[in-house]
Number of protein chains: 2
Amino acid sequence: MALIVQKYGGTSVGSVERIKNVARRVMRARERGDQVVVVVSAMSGETDKLVRMASEIAGRPDERELDMLLSSGERVTIALLAMALIEEGCPAESLTGRQVGIVTDSAHTKARIERIEADRVRQALAEGKVPIVAGFQGIDEKSDVTTLGRGGSDTTAVALAAALGADLCDIYTDVDGVYTTDPNVAPNARRLARISYDEMLEMASLGAKVLQTRSVEFAKKYDVPVRVLSSFDEGEGGGTLVTREDEAMERVVVSGVTYNKSEAKITIVGVPDRPGVAARIFGPIAGASINVDMIIQNIGSHGLTDLSFTIPRADLARTLEIARGIIADIGAKDLNVQESIAKVSIVGVGMRSHSGVAAKMFETLAREGINIIMISTSEIKVSCVIDLKYAELAVRVLHDAFNLGAEPAAAEA
Amino acid sequence: MALIVQKYGGTSVGSVERIKNVARRVMRARERGDQVVVVVSAMSGETDKLVRMASEIAGRPDERELDMLLSSGERVTIALLAMALIEEGCPAESLTGRQVGIVTDSAHTKARIERIEADRVRQALAEGKVPIVAGFQGIDEKSDVTTLGRGGSDTTAVALAAALGADLCDIYTDVDGVYTTDPNVAPNARRLARISYDEMLEMASLGAKVLQTRSVEFAKKYDVPVRVLSSFDEGEGGGTLVTREDEAMERVVVSGVTYNKSEAKITIVGVPDRPGVAARIFGPIAGASINVDMIIQNIGSHGLTDLSFTIPRADLARTLEIARGIIADIGAKDLNVQESIAKVSIVGVGMRSHSGVAAKMFETLAREGINIIMISTSEIKVSCVIDLKYAELAVRVLHDAFNLGAEPAAAEA
């Protein structure tokens with residue numbers, strides 16, 4: 001008998017009919033003899049509706065109140081799913097973040113889980129009930145409601161799986177797993193049977209949008225196997241298992257190609273090359289809660305250097321305003337902006353033991369006449385910033401160059 | 001400086017614009033120097049929407065889960081109203097039933113308040129904030145969410161006013177007070193400036209539908225003055241004050257005329273007149289949660305008696321089924337049903353010291369050729385069951401006979 005945490009996203013519980021489907025899926029798992037704990041999100045569209053009302057009331061709604069508002073959505077789905085199970089004769093009990101004892105810090109709208117008590121979850125299991133837990137929410141030490149930020153239900157599920165020592169955390173979503181790349185761009189993209197936590201982290205934060213990054217960090221930290229699968233797929237054994245690295249994974253050099261088309265690049269030209277300058281540039285930008293992604297400092301001459309960085313395009317106007325103030329301040333010469341860029345990355349744990357991966361990426365892009373504007377590398381990832389118009393082409397040629405469309409026998413192990 | 005609890009019903013917070021209006025009203029009270037605690041219901045229509053979803057999922061939804069579901073509605077309105085106040089520069093804090101410490105029994109969907117801790121309400125007031133409290137909900141000793149039943153937000157407001165020792169509890173609704181009768185039936189119906197708790201109880205339970213009966217019982221028990229007024233009326237000084245009896249009230253014989261057109265009458269004919277028969281009839285009916293209103297036992301002859309009672313017409317089929325089983329059991333002769341009845345009542349604390357009130361009611365009905373089917377009286381009320389088709393006529397002639405359309409000087413004191 002395994003203990004499985006199942007998490008269903010907003011689309012999977014988006015209507016009464018879909019909630020009934022989820023109930024049937026939960027019951028099938030129980031019939032196989034497993035113990036099941038369910039985590040659900042709000043019905044799709046509900047959170048947006050609430051956010052819209054809040055924005056009609058206040059320019060920047062109070063964050064404590066925003067959490068109170070948004071936490072209402074999961075109460076609806078946990079109650080409806082528990083009703084659906086009880087109606088089918090399966091004992092169930094809905095539990096809020098507070099009732100589960102999901103204690104977070106007080107950073108409203110983006111709280112972090114500090115601990116999970118889970119006494120009532122264990123008690124419900126002991127009584128033969130299916131605990132239905134509200135995702136995305138917790139309470140702080142003051143007993144105020146907090147939320148974990150968008151996609152926070154994934155984190156609830158993984159953290160709860162860790163707290164309960166569950167055997168598996170199944171994340172049901174509207175895609176059937178993690179792909180070698182976006183199938184809309186490369187039609188021969190292939191679903192990965194397994195992927196390591198680190199690869200998944202790089203895939204997710206680079207825009208694969210399947211699992212929330214924080215939930216993967218949690219899964220890695222507590223070694224919780226996570227399976228991503230579709231709630232609309234009736235078969236078993238599908239999905240992608242996100243798990244600790246094994247030998248088979250290391251034999252595959254590149255696991256996936258990702259891209260991000262929503263960034264812009266700013267270059268500050270003629271920055272005096274002296275200690276403390278970078279801090280004076282990036283301090284105020286971070287202070288405005290703007291996420292700087294890549295930072296490249298070119299080799300300087302005559303005591304001057306150029307400094308380039310990328311930020312979400314949506315934050316461009318605010319960043320420029322801040323940057324203009326800074327260049328006068330630090331005595332830099334000029335500032336230029338490149339709005340139409342894309343970042344394309346290859347990810348794979350096998351890179352650690354294979355040389356020449358980056359070189360092969362650069363060659364592949366060069367063969368297509370794609371100029372590389374910025375490069376950044378990590379142990380298991382190489383990212384190149386290129387002209388936006390080449391994004392899809394670059395993804396396709398890299399996907400083919402690293403043989404991702406073919407079915408490698410080792411990765412299916 | 002007075003401490004005022006203001007309660008806004010679902011219509012008053014039915015849209016973003018209306019929530020902003022409520023915020024302005026709260027701020028005006030603060031500008032007058034009063035301390036304000038606000039209790040709100042869910043947006044109108046929301047509770048019905050949730051109930052509809054539940055009924056699509058289960059024939060009889062689990063009641064614990066129904067409470068979890070329904071309690072989501074008030075979270076939305078408390079958060080939005082708090083945001084609206086904060087946006088206008090008025091410190092505010094939303095509080096759920098749990099955070100306020102509204103502890104109830106565990107009778108899900110119709111829980112009764114056992115105590116109110118209100119520590120966080122007092123704390124918020126001490127910090128100069130407006131506490132915005134979720135009506136209708138509490139938690140039981142197991143820390144499970146409970147609801148107080150339809151109209152329960154009135155009870156929350158009055159109970160909280162009692163717990164805080166508030167000077168006044170203002171109930172904002174979509175009518176501007178309590179009327180001598182239904183203005184749709186008698187166009188010369190007049191708003192009462194004051195009414196006693198007991199009269200209000202009779203008016204409310206007889207169908208005046210302005211305040212939830214339980215909230216009036218609470219107000220009476222703890223002597224909380226309650227004012228019913230419209231949230232769409234911008235002037236001050238309107239509404240009806242529900243308060244303890246005073247001498248001015250006693251000088252008015254009849255305060256109002258109410259009616260109820262949703263009952264049906266059942267007569268069990270030839271009931272053996274011996275001890276215990278009534279219990280054998282009404283025990284099973286009460287067991288099926290059917291509310292019996294009037295019960296009349298006619299004088300018997302030859303050891304047999306007729307027993308008539310009224311019930312909600314909606315429960316007629318179920319009641320008949322039960323009653324048919326009973327008549328065989330107790331050896332009664334027959335059963336007949338009168339579906340088209342109405343109950344018309346006159347209410348007034350002045351009846352206690354005035355004789356001839358009931359006689360005047362009977363005479364007035366007789367003059368119009370209206371036959372009286374059943375009569376029931378209490379200290380401050382006389383009710384007559386009549387043919388349904390005469391309901392409106394009876395209300396109008398009684399309203400005129402007791403001079404309710406005129407403005408009695410004493411009642412305005």
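Summary of values
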{"item": "Subset of the range A:48-69 (residues that are in contact (Cβ under 8 Å) with a residue 40 or more places away in the chain and buried (at least 20 other Cβ atoms within 10 Å of the Cβ))", "result": "A:Arg64, A:Leu66, A:Asp67, A:Met68"}
{"item": "Condition met for B:Ile296 (at negative phi, within 28 Å of the chain's Cα centre (by Cα) and modelled with pLDDT under 90)", "result": "yes"}
{"item": "Scan of the range A:61-118 for residues that are facing another protein chain (nearest Cβ under 7 Å) and out of contact with any Ser or Thr (no Cβ under 8 Å at 6 or more places or on another chain), ordered by number", "result": "A:Asp62, A:Leu69, A:Leu80, A:Met83, A:Ala84, A:Ile86, A:Glu87, A:Ser94"}
{"item": "Unmet requirement for B:Ser41, which otherwise passes all of (1) touching a Leu at 6+ places or on another chain (Cβ under 9 Å); (2) more than 10 Å from chain A (Cβ to nearest Cβ); (3) surrounded by 19 or more Cβ atoms within 10 Å (Cβ to Cβ)", "result": "(1)"}
{"item": "Evaluation of B:Ala29 against (1) out of contact with any strand residue (DSSP E or B) (no Cβ under 7 Å at 6 or more places or on another chain); (2) surrounded by fewer than 23 Cβ atoms within 10 Å (Cβ to Cβ) (one fails), failing number", "result": "(1)"}
{"item": "Members of the range A:249-261 found to be surrounded by 15 or more Cβ atoms within 10 Å (Cβ to Cβ) and either over 16 Å from A:Thr180 (Cα atoms) or among the basic types (Lys, Arg) (or both), listed by number", "result": "A:Arg251"}
{"item": "So B:Ser55, is it hydroxyl-bearing (Ser, Thr, Tyr) and either part of a loop (DSSP other than H, G, I, E, B) or modelled with pLDDT under 95 (or both)", "result": "no"}
{"item": "Lone unmet requirement of (1) at the interface with another protein chain (Cβ under 10 Å from one of its Cβ atoms); (2) of a type outside the set (Val, Ile, Thr); (3) closer than 25 Å to B:Val130 by Cβ for B:Gln35", "result": "(1)"}
{"item": "Members of the range A:178-205 found to be within 14 Å of A:Arg227 (Cα to Cα) and basic (Lys, Arg), listed by number", "result": "A:Arg191, A:Arg194"}
{"item": "Answer residue from the range A:267-287, given it is part of a strand (DSSP E or B) and farther than 16 Å from A:Asp387 by Cβ and is nearest to the chain's Cα centre (by Cα) among those", "result": "A:Ile268"}
{"item": "Restricting the range B:1-26 to residues that are under 20 Å from B:Arg227 (Cα atoms), crowded, with 19+ Cβ neighbours inside 10 Å and of a type in the set (A, V, I, L, M, F, W, C), the residue that is nearest to the other protein chains (Cβ to nearest Cβ)", "result": "B:Ala23"}
{"item": "Any hit, the range A:93-103, residues being under 22 Å from B:Pro61 (Cβ atoms), touching a Lys or Arg at 6+ places or on another chain (Cβ under 7 Å), part of a loop (DSSP other than H, G, I, E, B) and not charged (D, E, K, R)", "result": "yes"}
{"item": "1 or more residues free of Cβ contacts under 8 Å to residues at least 24 places away in the same chain: qualifying strands (runs of 3 or more DSSP E) within the range A:310-413", "result": "A:372-378"}
{"item": "Filtered residues of the range A:84-126 (kept if buried (at least 16 other Cβ atoms within 10 Å of the Cβ), of a type in the set (A, V, I, L, M, F, W, C) and more than 28 Å from the chain's Cα centre (by Cα))", "result": "A:Ala84, A:Leu85, A:Ile86, A:Cys90, A:Ala92, A:Ala124, A:Leu125"}
{"item": "Every residue from the range A:282-325 that is more than 25 Å from A:Glu202 (Cα to Cα) and of a type in the set (Asp, Glu)", "result": "A:Asp306, A:Glu321"}
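The rows are residues; the columns are (1) over 17 Å from the mean Cα position of the chain (by Cα); (2) within 14 Å of chain A (Cβ to nearest Cβ).
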position: B:Gly128; (1), (2): yes, no
position: B:Ile132; (1), (2): yes, yes
position: B:Gly152; (1), (2): no, no
position: B:Leu164; (1), (2): yes, no
position: B:Asp182; (1), (2): no, no
position: B:Met200; (1), (2): no, no
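The values are calculated or read from the model by the stated rules, or taken from the named source; none is laboratory data. These figures come from a predicted structure and were not determined experimentally. When we count neighbours, we look across all protein chains shown, and the Cβ atoms used for this are built from the backbone with ideal geometry, even at glycine.
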